[in-house]
Amino acid sequence: MTPKSIAVINFKGGVGKTTVTWSLGNIISQATDLEVLMLDLDPQMSLTEAIGLNESTGHLDDKFGKWYEKSIKHRLTIYDALEVFKKAGENFKFPVGFETIYQIDEQLHFIPSVEELYWLDLDGFEGKSVKDFIRRFIGKITNSVNLPKYELFLFDCSPSFSLLTYSVLSCCDLILIPVNPDYFGTRGLSLVLNSLQKRIEPYPFPKIAVFMNKAKIYGGLLTNEVQFYMREVKRLCEELSKENNIEIKFLESTIRESVGLKRAINEGELPKELVREFEKLWRECAEYLK
Ligand SMILES: Nc1ncnc2c1ncn2[C@@H]1O[C@H](COP(=O)(O)OP(=O)(O)OP(=O)(O)O)[C@@H](O)[C@H]1O
Ligand SMILES: [Mg+2]
């Protein structure tokens with residue numbers, strides 16, 4: 001398949017963007033033959049910590065820690081790439097390889113976040129100069145003869161409209177928006193959809209998919225409250241699709257609220273029922289992306 005990219009976005013914090021990125025990356029790389037590259041574009045570094053942090057010591061684990069130190073020392077992080085891009089523009093040259101990309105597993109690779117991304121918006125990077133960055137950076141990775149032919153790029157984005165999110169919008173195929181079953185979750189959805197509508201042009205508009213995360217289950221069924229918010233969110237998606245003439249799909253897949261999910265991610269393994277739910281979510285996204 002031609003490479004596809006999915007950006008997990010919501011400007012509301014804590015809805016599960018990082019959890020969903022991590023889970024999809026792991027499940028797709030295990031259940032399919034796709035080569036997956038995950039990117040942490042959030043300076044909060046939650047995904048980077050989920051992958052690199054040793055829970056019991058509270059420090060980066062040895063293998064990741066050493067690799068990360070080297071990547072920073074040799075100025076080969078995503079932030080370094082961005083600095084080079086900003087100066088070079090059209091002549092952007094950056095040696096993408098395994099000092100920028102960390103190999104988690106055979107089919108699952110990762111570009112971590114770095115603290116400097118925090119200051120990106122204050123560092124004199126202008127929207128215009130950063131806008132093409134992710135597209136050009138991914139282009140370099142796709143064209144590199146030294147790297148695998150990644151078929152899926154997964155971006156974990158920060159809960160604010162940062163320059164990097166802006167840059168991702170101009171090159172992704174699907175914007176995947178997790179929402180939670182509560183009042184603020186539905187309010188947040190209108191905000192994010194309206195601002196996306198204003199910002200994405202003039203590039204081809206990516207497809208947008210919305211789904212429910214942290215869905216409460218009782219007796220094997222979604223609770224009435226969750227079903228109510230599902231109807232609300234679906235209605236909102238239809239309304240905004242019509243108003244703005246864009247394609248927004250409300251997915252049928254839901255991801256249940258699972259108390260052990262955080263621990264499961266730290267330990268690197270999801271419970272069976274969540275594996276099934278994330279596989280279903282992926283199948284629905286893949287179908288929509290066709
Ligand atoms: N399905 C779920 N069931 C239970 N807890 C969940 C679920 N999804 C996410 N969480 C928990 O919710 C919290 C926030 O999740 P996560 O960090 O993935 O959200 P986020 O949208 O990336 O947050 P931020 O906006 O800060 O980047 C975490 O403690 C996570 O373990
Ligand atoms: Mg996050």
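The values are calculated or read from the model by the stated rules, or taken from the named source; none is laboratory data. Please read these numbers as outputs of a predicted model, since none were measured by experiment. Glycine gets a Cβ as well: all are built from the backbone with ideal geometry, and neighbour counts include every protein chain shown. Protein only, heavy atoms only, side chains kept; ligands, DNA and RNA dropped before computing areas. Shrake-Rupley method; radii C 1.70, N 1.55, O 1.52, S 1.80 Å.
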**Report entry** Rounded tilt (10° steps) of 62-73 against the dominant C-alpha axis of the chain
**Finding:** 60
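Just add up the charged neighbours of Q44: K/R +1, D/E -1, any other residue whose Cβ is under 11 Å from the Cβ of Q44.
Working: positive: K17; negative: D40, D42, E49, E115, D156.
Residues close to Q44 contribute a combined charge of -4.
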Query raised in the report: How large is ³J(HN,Hα), in whole Hz, for each residue of segment 262-277 in order, when computed from phi with the Karplus curve 6.51 cos²θ - 1.76 cosθ + 1.60 and θ = phi - 60°, using x for Gly and Pro?
Result: 4, 4, 4, 5, 4, 8, x, 9, 8, x, 3, 5, 6, 4, 4, 5
Query raised in the report: In whole Å, how far is the Cα centre of segment 1-20 from that of segment 143-190?
Result: 4
Report task. Specify which residue in the list F64, T2, V20 is farthest towards the positive end of the charge dipole of segment 1-138, using unit charges on the beta carbon of Lys, Arg (+1) and Asp, Glu (-1), about the Cα centre. Result -> T2
Query - At R0 = 41 Å, FRET efficiency that the Cβ-Cβ distance of T223 and H59 yields, to 0.05 - result: 0.55
Query - Fully extended contour minus Cα-Cα distance, from R135 to F98, at 0.36 nm per residue - result: 11.4 nm
Report summary line: Two pseudo-spin positions, 7 Å from Cα along C-beta at E69 and at E247, lie apart in nanometres by 4.8
Query raised in the report: So in segment 140-290, what percent of DSSP beta bridges are antiparallel if you round to the nearest 5?
Result: 15
Query raised in the report: Any idea what Rg and Dmax come out to for the chain if you just take the C-alpha atoms, in Å?
Result: 18.5, 59
Report task. With r as the distance between the Cβ atoms of E267 and K128 and R0 = 45 Å, compute the FRET efficiency 1/(1 + (r/R0)^6) and round to 0.05. Result -> 0.55
Report task. Determine the sum of side-chain charges near R75: Lys and Arg each +1, Asp and Glu each -1, restricted to other residues whose C-beta is under 15 angstrom from that of R75. Result -> -1
Query raised in the report: Just W67, W119, W22 to compare: in a GNM of the chain, with alpha carbon springs under 10 Å, which one fluctuates most?
Result: W119
Report task. Using only Cα atoms, find the angle between the long axis of helix 224-244 and the longest principal axis of the chain, and express it within 0 to 90 degrees, rounded to the nearest 10. Result -> 60
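Given a 1.4 Å probe and every protein chain left where it sits, what share in percent of the accessible area of segment 4-289 is carbon and sulfur? Could the numbers behind the result be given before it?
On the way: 6790 of 13850 Å².
So the carbon and sulfur contribution to the accessible surface is 49 percent.
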Query - Folded to 0 to 90 degrees: helix 133-143 orientation relative to the chain principal axis, Cα - result: 70
Requested in this report: Could you bin all the Cα-Cα distances of segment 59-188 into 10 Å bins starting at 0 and give me the percent of pairs in each, rounded to whole numbers?
Outcome: 10, 39, 36, 13, 2
